[in-house]
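K.L.:
What follows is a structure written as structure tokens; I'll ask about it next.
The values are calculated or read from the model by the stated rules, or taken from the named source; none is laboratory data. For clarity, every value in this text was computed on a predicted model and none was experimentally measured. Note that each Cβ is placed from the backbone with ideal geometry, even for glycine, and that neighbours are counted across all protein chains shown. Only protein heavy atoms, including side chains, enter the accessible area calculation; ligands, DNA and RNA are left aside. Shrake-Rupley method; radii C 1.70, N 1.55, O 1.52, S 1.80 Å.
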Amino acid sequence: MDVELRELMQAFVLSDYQVQEVYSRFCLEIAKGLRRSTNSQSNTKCFPTYVQELPTGDEMGKYLALDLGGTNFRVLLVSLKGHHDATVESQIYAVPKDLMIGPGVELFDHIAECLAKFVHKHNMSSAYLPLGFTFSFPCVQAGLKEAMLTRWTKGFGCPGVEGEDVGRMLHEAIRRRGDADIAVVALLNDTTGTLMSCAHRNPECRVGVIVGTGCNACYVEHVDNVDLLDAQFKRKEKQIIVNCEWGAFGESGQLDFVRTEYDNEVDRKSINRAQQLFEKMTSGMYLGELVRLVLVRALERNAIFKGAGNRRAEYAAILQHNIDIFETKHISEIESDTFPELANTRRIINQLFGIEKASVEDCQKLRYICECISSRAATLVAIGISGLINRIADRKVVVGIDGSVYRYHPKFDTYIRNTMQKLVKSDKEFDIMLSEDGSGRGAALVAAVASKTK
Ligand code: BGC
């Protein structure tokens, strides 16, 4: 790779020292999050989820599930069939942009409307249906079915929801319509859904991770280490799933020594400034934008598209004025492209920036930029996962993962494993498994646990 570009991208390459340092700071933050006396100063809130039982595989029953928190909103009907088996029917609904930032009541009315349509379509309008709500935002839980939103993330910003119980808001929206007999029996985070759905198939699963629009993880912790948890929840069960909300890591400056000017710029333009800094370096909502910002700089320094001649100003303008034009899915497409033609990369460059017939060299440069940004993201995710695995007493730990970045990026899994090899304690064994529909199957499993607990 040419020297100029290599120099430019150096800021994204984490040295072994930096990896170790981020790892130590992350572990400290989780420890602070779990302790009652230090939780308020911690970025990673380590919310107890009140899910204390992992699935046995024998769960049975029909459950509705809702999944809100990624790019799409989904309604699902999950039939748990015992023998580790489940079937899922689902329908995707759009969440119009204005609803993402409009009054919260309107968002919940929209959700209830989609729910009613779904139930009607499946001829279940008169049946009683228990529902598990996968609501993938940071929430303080008081039990399995109460979850108070602490802050919106991922571009959502509906007024009137922060500080409120989202289970109650959904319940009220369903009641306002009055055309379905649905009871919200459990609220969960998508990471919890991921962990539960993987544990349903593999009993060694102890960690659930999402690297999608947002980024977060949960894990199974011993109740004695969860100082935040009231004594009544420590009597019967000895474990609990803790939702780390690691996306917020870095808000006290712990990542400043590795953050770049591009990370600052992404943060400056976001609707949740100074928040979710780890998430802004690792998740699908932001990685594409990081690539665009680097491209702007590379073009300014004449480190890419050198052959563009007098059209450089035009390309620079396109790149500068079209925020979010370069999406994270393009990173996955470019890194999946095949040598030597790199035809897909050339097509993307043409389609997005109007640059026809980009040279092989330029295609390779863009690929290199993508690689630096995605491998840094994977390294950071691996640091977090390793920190959690090293807290768990079991010798073997399986990690369930989902999310568009992990799922569609050709090398994310390899990048993660490489860093984990260096950080996971040598007496431990780990494996990673892709989750099959955590938000659906996982929600039904938590709803099944909730019904049992009741
Ligand atoms: C949210 C988490 C969620 C993650 C992945 C983050 O923005 O705060 O609750 O698990 O995105 O969807």
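K.L.:
Mind listing just one residue for me: the one in region 163-199 that is modelled with pLDDT under 95 and part of a loop (DSSP other than H, G, I, E, B) and, of those, surrounded by the fewest Cβ atoms within 10 Å (Cβ to Cβ)?
P.N.:
Of everything passing the filter in region 163-199, Gly178 is surrounded by the fewest Cβ atoms within 10 Å (Cβ to Cβ).
K.L.:
Shifting gears a bit: Considering only residues that are open to solvent by 40 Å² or more (accessible area, probe 1.4 Å) and either in a strand (DSSP E or B) or touching a residue at least 60 places away in the same chain (Cβ under 8 Å) (or both), look in region 425-436 and name the one that is nearest to Cys205 (Cα to Cα).
P.N.:
Initially, region 425-436 is screened for residues open to solvent by 40 Å² or more (accessible area, probe 1.4 Å), giving 425-427, 429, 431, 434, 436.
Those still in the list that are either in a strand (DSSP E or B) or touching a residue at least 60 places away in the same chain (Cβ under 8 Å) (or both) too: 429, 431, 434, 436.
Numbers: Glu429: 12, Asp431: 9, Leu434: 11, Glu436: 13 Å.
So the residue we want is Asp431.
K.L.:
What are the residue pairs meeting all of these: first residue in region 41-53, first residue under 10 Å from Ile240 (Cβ atoms) and open to solvent by 40 Å² or more (accessible area, probe 1.4 Å), second residue β-branched (Val, Ile, Thr) and at pLDDT below 95, Cβ atoms under 8 Å, and 6 or more apart or on different chains?
P.N.:
Glu53/Val449; Glu53/Thr453
K.L.:
Go through region 115-162 and give me each residue that's open to solvent by 40 Å² or more (accessible area, probe 1.4 Å) and within 26 Å of the chain's Cα centre (by Cα).
P.N.:
Within region 115-162, Val140, Ala142, Lys145, Glu146, Met148, Thr150, Arg151, Pro159, Gly160, Glu162 qualify.
K.L.:
What single numbered condition from (1) more than 16 Å from the ligand (Cβ to nearest atom); (2) more than 25 Å from Gln364 (Cβ to Cβ); (3) touching a Lys or Arg at 6+ places or on another chain (Cβ under 9 Å) fails to hold for Leu299?
P.N.:
Here Leu299 meets the rest and fails (2).
K.L.:
Just to be sure before I move on: is Ser439 touching a strand residue (DSSP E or B) at 6+ places or on another chain (Cβ under 8 Å), open to solvent by 10 Å² or more (accessible area, probe 1.4 Å) and either modelled with pLDDT under 95 or within 22 Å of Glu221 (Cα to Cα) (or both) in the structure I sent?
P.N.:
Here the answer is yes, as Ser439 does meet what is asked.
K.L.:
Name the residue that is most open to solvent (accessible area, probe 1.4 Å), counting only residues in region 269-293 that are more than 14 Å from Glu251 (Cα to Cα) and assigned to a loop (DSSP other than H, G, I, E, B).
P.N.:
Going through region 269-293, the residues more than 14 Å from Glu251 (Cα to Cα) turn out to be 269-271, 282-293.
Okay, now just the ones that are also assigned to a loop (DSSP other than H, G, I, E, B), so 270-271, 283.
Details: Ser270: 26, Ile271: 118, Ser283: 0 Å².
Only one residue tops the list, namely Ile271.
K.L.:
OK, next. Report yes if some residue within region 245-267 is within 20 Å of the chain's Cα centre (by Cα), within 15 Å of the ligand (Cβ to nearest atom), β-branched (Val, Ile, Thr) and not in a loop (DSSP other than H, G, I, E, B); otherwise report no.
P.N.:
Yes: region 245-267 contains one or more residues that are within 20 Å of the chain's Cα centre (by Cα), within 15 Å of the ligand (Cβ to nearest atom), β-branched (Val, Ile, Thr) and not in a loop (DSSP other than H, G, I, E, B).
K.L.:
Which residues, taken from region 294-308, are charged (D, E, K, R) and outside any loop (DSSP other than H, G, I, E, B)? Explain how you work it out, then say what you get.
P.N.:
Going through region 294-308, the residues charged (D, E, K, R) turn out to be 297, 300-301, 306.
Selection gives Arg297, Glu300, Lys306.
K.L.:
Please work out which one of (1) over 20 Å from Leu149 (Cα atoms); (2) open to solvent by 10 Å² or more (accessible area, probe 1.4 Å); (3) of a type outside the set (Asp, Glu) is the condition Val211 fails and give its number.
P.N.:
(2)
K.L.:
Could you grab the pairs with beta carbons closer than 6 Å, sequence gap of 6+ or different chains, first residue in region 319-342 and touching a residue at least 12 places away in the same chain (Cβ under 8 Å), second one in a loop (DSSP other than H, G, I, E, B)?
P.N.:
Filtered contacts from region 319-342: Ser332/His409; Glu335/Pro410; Ser336/Pro410.
K.L.:
Being of a type outside the set (Gly, Ala, Ser), away from the ligand (no atom under 14 Å from the Cβ) and either in contact (Cβ under 8 Å) with a residue 60 or more places away in the chain or surrounded by fewer than 20 Cβ atoms within 10 Å (Cβ to Cβ) (or both) is the filter here, so list the residues in region 67-84 that pass it.
P.N.:
Leu76, Val78, Leu80, Lys81, His83, His84
K.L.:
Could I ask something else about it? Which one of the conditions (1) β-branched (Val, Ile, Thr); (2) at pLDDT 95 or above; (3) more than 16 Å from the ligand (Cβ to nearest atom) does Val399 fail to meet, given that it meets all the rest?
P.N.:
It fails just one condition, (3).
K.L.:
Take region 221-244 and flag every residue that is part of a strand (DSSP E or B) and more than 16 Å from the ligand (Cβ to nearest atom).
P.N.:
Initial filter on region 221-244 (part of a strand (DSSP E or B)): 221-222, 239-243.
Glu221, His222, Gln239, Ile240, listed by residue number.
K.L.:
Can you tell me which residues in region 331-358 are charged (D, E, K, R) and either modelled with pLDDT under 95 or at positive phi (or both)?
P.N.:
Going residue by residue through region 331-358, those that are charged (D, E, K, R) are 333, 335, 337, 341, 346-347, 356-357.
Correct list: Glu341, Glu356, Lys357.
K.L.:
Which condition from (1) open to solvent by 10 Å² or more (accessible area, probe 1.4 Å); (2) touching a Phe, Trp or Tyr at 6+ places or on another chain (Cβ under 7 Å); (3) over 29 Å from Tyr219 (Cβ atoms) is the one that Asn350 breaks?
P.N.:
For Asn350, the exception is condition (2).
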